[in-house]
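Novice: Sharing a structure below in C-alpha cells format, with a few things to ask.
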Amino acid sequence: MIERLFRPSEGPPSAFEEALRAAIEDLPRRRVWIIDGPLHGRRVGAEDDDPQRAGFRDLLETGAAHLAAAKAAVREESRQAAVKARALAAFARCRPAELLDRPAEEVGAAAAASRAARPSVLTEVSEWAVDEVAASLGLSSLTAGALLADALTLVEALPATLAALESGTVSWPQARMLADVLAPLKDEARREVEAGLLARAAGKTVAQLKASAVRAVLKADAKAAVARAARAVRERTVALYPGEDGMATLSATFPAPVATACYSALEAYAEACKSPDDERTKAQRMVDCLADLILDPGVNGPVQVQLSMVATPSTLTGGDEPGEVDGQPVPAGMVRELAYAFDLLPRPHTCDMTPGDMPPPAAADETIAPEAAAPAELNPAAYDQTAADQAAAGLGALLRVPLTAGTALAEPPTIAIVDELSGQLLALSNSAEIRRAATCRRPDCRSGRTPCTHPPRGGGLGPPPDTPGYSPSDRLATFVRARDRRCRFPGCRARAVRCDVDHNIPWPHGATSEDNLCCLCRHHHRLRHQAPGWTMRRLPDGGLEWTLPGGEAITTYP
C-alpha cells in the first residue's frame, strides 16, 4: 500500500492534482490513500478507461519526445562543431606565415611582443589568418584567434577528442576546455590522459570534466602546471567592459597573491577615509579610493588623460537622447552634468534651486497653467518631472567629478555634436564655440537660464579645415577620432585614441581631410598595406569597403 500526504488546501482540486490522481490510479493492484487535501477521505481505485489518466500519460510522453529532439539537435551541433574545426584547421594550413608574413627582422613586421602573445599553435600560421576568420564569421579578433587555435589543437594534438566531438560523446565547450587544459602536456602523456578522460566523459558537465582534467594533468606532469601558471602570469591584463546606466567595469587580472594584496590595500584605504557622516558603503569607498589613487597626479606623477563626449544638440539642451563618454553609452542627464561640471555649458537656473523651491516645468514662452501650479502631490506629472530634475541636479555630486586643476585630466572634455538621425559627427566644440554658434549672444540667452528662441548669430559649427601636409593637424586628428570612435576594420573594437589616422587615398594623391582619413589600429593598419589579397576603398557615403582574399566584401561605418 502506498500512502501520500498532501498539504491541506482549500477549494476544488487543481488540474495538476486531478492529473496526479489519475496517474496514481494507474498503479496496478495498489491501494492509494490521499488525505488532508481536496480528495480528503477518498480511496482512489484504478480505472483503465479514465481519460484524465490517458491525457496525463500523453503529456509526459509528448514532453519526452520534445526533449529527445533537443538532445538530437545537441548531438548534431557537436558533429557540426567537429566539421567546423576540421575546416578551420585546413584553412590555417593554407595561410603559412613563411609565405604571407614579413620576416621578423624586416621593417613593418609584427612587434616581438605581438608575436610572443600569439598561441604557440599559431606560430606557423600567418598573422592575417585570424583577421580573415574574424571578418568572415563576424567575430572579434580575440574570439577568432581562440577558435582557430582550438581547431588546430583538436585536429593536430587531440584527434580522439575530435572524434568524440563528432560522435556526440562530448560537446564543443567540453572539447575546447580539453584543448586548453591538455595543451601543455607532451604527446605521450597527453594521449594517455585524453583516453582516460574520454572514457568517463559521458554525462559530465564542463565543470566536472575540467576538474578531472586538471587533476589528471597535475598527476601526469607537474611541470605542466608550472608552465600554465607562467603563461597565466604573462597574460595578466586590464580590461574595460561597458555596463548599464552609464556605468562600466574596470577589470584587472593579477596573480592571486598580488590581487589579494591590492584588495586588502583598498580595504585599508576605504577604512582610513571613513568619517562619521559618510553615508557611502565600504564598496563605494573602495571604488572612490581606487579612482583617487589612479587619477591623482600627486601620487602617480605627470600622467594625463583626455576625455571626449559625444552628444546631440537636443541632449545638451534637455533631451533624452543618450550620449557617449570615450565610447561608453551614458544617460543624457549624465552628459549634461559632466558638461556643467567642466563648464562646457552653463548650468540652468532650475538646477541651482533647492528641491523645495523648484517649480513645475514650463516652456519659456508659456505661463504656468493652474493645474501645473498645484502642489506636487495633486499633480502626478509635475511630481514626476520635479523628481527627475532633483535627481539630475544631484547627479553631479554623485559623479564626484572635479575640475581639471589638481587631477590627471589634461583639459576639459571636448563635445562631439552629432546628427540625431544619421549619427554622423557634425563638429567638435567647447563651451565658447557652442555659445557663439548656438545663441543670439544676448546676455539673458547666454546665461543659460532660459532657452534661446532667437536666430543664432554665430557662424555655425563644422569639421576642421584640411591640413596642407601629410600629417593632420591636432584638431583634425581629434575630429576624425571622435567621428570613428573605434578602429574601422570589421568587428574591431580598438578605441580610436589608440588608432593611427590613415589616408584612404594615399597622400599626396589624396587630401589630408576629414573625408579622406580614418582610424585603424596599428595591426589593421599594417594589414591594409601588407596582407596579400586584402583591399580597402572608401565609398561615397563614408563607408569603408573591405574585400577579403576570398572575394567577400564587408562595409563598415563610423
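The values are calculated or read from the model by the stated rules, or taken from the named source; none is laboratory data. This structure is a prediction, so every number in the text was calculated from the model and none was measured. Quick reminder, even Gly has a Cβ in these numbers, built from the backbone with ideal geometry, and neighbours come from all protein chains shown. Each accessible area value is taken on the protein alone, full model and side chains, heavy atoms only, with ligands, DNA and RNA left out. Shrake-Rupley method; radii C 1.70, N 1.55, O 1.52, S 1.80 Å.
Novice: For Ala224, state whether it is surrounded by 12 or more Cβ atoms within 10 Å (Cβ to Cβ), aliphatic (A, V, I, L, M) and at pLDDT below 85. I'd like the intermediate steps shown before the answer.
Specialist: Working: surrounded by 12 or more Cβ atoms within 10 Å (Cβ to Cβ): yes; aliphatic (A, V, I, L, M): yes; at pLDDT below 85: yes.
When the stated conditions are applied, Ala224 passes them.
Novice: Within the stretch 229-253, restricting attention to residues that are within 14 Å of the chain's Cα centre (by Cα) and not in a strand (DSSP E or B), which residue is nearest to Gln284 (Cα to Cα)?
Specialist: Ranking the candidates gives Met247 first.
Novice: Ok, one more. Picking from Ala135, Ala179, which residue would you name as being buried (at least 20 other Cβ atoms within 10 Å of the Cβ) and under 23 Å from Arg495 (Cβ atoms)?
Specialist: Ala135
Novice: So, Thr161, is that one outside any loop (DSSP other than H, G, I, E, B), open to solvent by 10 Å² or more (accessible area, probe 1.4 Å), under 25 Å from Glu76 (Cβ atoms) and not hydrophobic (A, V, I, L, M, F, W, C) or not?
Specialist: No, not satisfied.
Novice: Let me ask you something else. Have a look at Val501, Val480 and point out the one that is at pLDDT 90 or above, buried (at least 19 other Cβ atoms within 10 Å of the Cβ), out of contact with any Lys or Arg (no Cβ under 8 Å at 6 or more places or on another chain) and aliphatic (A, V, I, L, M).
Specialist: Going through Val501, Val480 in turn, just one is at pLDDT 90 or above, buried (at least 19 other Cβ atoms within 10 Å of the Cβ), out of contact with any Lys or Arg (no Cβ under 8 Å at 6 or more places or on another chain) and aliphatic (A, V, I, L, M): Val480.
Novice: Further question on the same structure: Restricting the stretch 138-151 to residues that are surrounded by fewer than 22 Cβ atoms within 10 Å (Cβ to Cβ) and hydrophobic (A, V, I, L, M, F, W, C), which is farthest from Met177 (Cα to Cα)?
Specialist: Here the answer is Leu139.
Novice: Please work out which one of (1) in contact with a Lys or Arg (Cβ under 7 Å, 6 or more places away or on another chain); (2) in contact (Cβ under 8 Å) with a residue 24 or more places away in the chain; (3) not aromatic (Phe, Trp, Tyr) is the condition Glu545 fails and give its number.
Specialist: Here Glu545 meets the rest and fails (2).
This table checks each residue for (1) basic (Lys, Arg); (2) within 24 Å of the chain's Cα centre (by Cα); (3) farther than 25 Å from Ser126 by Cα.
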{"residue": "Asp474", "(1), (2), (3)": "no, no, yes"}
{"residue": "Arg488", "(1), (2), (3)": "yes, yes, no"}
{"residue": "Ile505", "(1), (2), (3)": "no, no, yes"}
{"residue": "Gly533", "(1), (2), (3)": "no, no, no"}
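Novice: Scanning for something open to solvent by 20 Å² or more (accessible area, probe 1.4 Å) and under 27 Å from Ser78 (Cβ atoms), does the stretch 236-248 turn up at least one residue?
Specialist: Checked the stretch 236-248: no residue is open to solvent by 20 Å² or more (accessible area, probe 1.4 Å) and under 27 Å from Ser78 (Cβ atoms).
Novice: Condition check: on the phi > 0 side of the Ramachandran plot, open to solvent by 100 Å² or more (accessible area, probe 1.4 Å) and modelled with pLDDT under 55. Does Arg29 satisfy that? So that I can check it myself, show each step before the final result.
Specialist: Values: on the phi > 0 side of the Ramachandran plot: yes; open to solvent by 100 Å² or more (accessible area, probe 1.4 Å): yes; modelled with pLDDT under 55: yes.
Considered against the rule, which asks whether it is on the phi > 0 side of the Ramachandran plot, open to solvent by 100 Å² or more (accessible area, probe 1.4 Å) and modelled with pLDDT under 55, Arg29 comes out as yes.
Novice: Here is a follow-up. State the number of residues belonging to the stretch 119-132 that are open to solvent by less than 70 Å² (accessible area, probe 1.4 Å) and closer than 18 Å to Leu154 by Cβ.
Specialist: 6
Novice: If you don't mind, there's one more thing I want to ask. Of the conditions (1) without any contact (Cβ under 8 Å) to a residue 40 or more places away in the chain; (2) open to solvent by 10 Å² or more (accessible area, probe 1.4 Å); (3) within 27 Å of the chain's Cα centre (by Cα), Leu539 fails just one. Which one is it?
Specialist: For Leu539, the failing item is (3).
Novice: I would also like to ask the following. Mind listing whichever residues of the stretch 244-272 are over 17 Å from Ala291 (Cα atoms) and touching a residue at least 12 places away in the same chain (Cβ under 8 Å)?
Specialist: Across the stretch 244-272, the qualifying residues are Asp245, Thr253, Phe254, Pro255.
Novice: Of the residues Ala69, Ala97, Ala111, Ala82, which is loosely packed, with under 13 Cβ neighbours inside 10 Å and at pLDDT 85 or above?
Specialist: After applying the criteria, what remains is Ala69.
Novice: Does Glu124 satisfy the condition of being touching a Ser or Thr at 6+ places or on another chain (Cβ under 7 Å) and of a type in the set (D, E, K, R)?
Specialist: Working: touching a Ser or Thr at 6+ places or on another chain (Cβ under 7 Å): no; of a type in the set (D, E, K, R): yes.
Spelling it out, it is not the case that Glu124 is touching a Ser or Thr at 6+ places or on another chain (Cβ under 7 Å) and of a type in the set (D, E, K, R).
Novice: Identify the single condition in (1) free of Cβ contacts under 8 Å to residues at least 24 places away in the same chain; (2) farther than 16 Å from Glu132 by Cβ that Gly551 does not satisfy, given that it satisfies every other one.
Specialist: Unmet condition: (2).
Novice: Restricting the search to the stretch 104-147, which residues are assigned to a helix (DSSP H, G or I) and acidic (Asp, Glu)? Steps first, please.
Specialist: Kept after step one, since they are assigned to a helix (DSSP H, G or I), are these residues of the stretch 104-147: 112-117, 120-122, 129-137, 141-147.
Asp131, Glu132, listed by residue number.
Novice: Let me ask another. Starting from the stretch 476-496, keep only residues that are under 23 Å from Thr547 (Cβ atoms), then list their pairs with residues that are among the aromatic types (Phe, Trp, Tyr) and surrounded by fewer than 24 Cβ atoms within 10 Å (Cβ to Cβ) whose Cβ atoms are within a distance under 9 Å, requiring at least 6 positions of separation or different chains.
Specialist: Taking only residues 6 or more apart or on different chains, the pairs are Arg488/Trp546; Arg488/Tyr557; Phe489/Trp546; Pro490/Trp546.
Novice: Go through the stretch 508-524 residue by residue and tally those that are buried (at least 19 other Cβ atoms within 10 Å of the Cβ) and either β-branched (Val, Ile, Thr) or in a helix (DSSP H, G or I) (or both). Walk me through it before giving the result.
Specialist: Narrowing the stretch 508-524 to residues buried (at least 19 other Cβ atoms within 10 Å of the Cβ): 512, 514, 516-521, 523-524.
Filter again for either β-branched (Val, Ile, Thr) or in a helix (DSSP H, G or I) (or both), leaving 512, 514, 516, 523-524.
Number of matching residues: 5.
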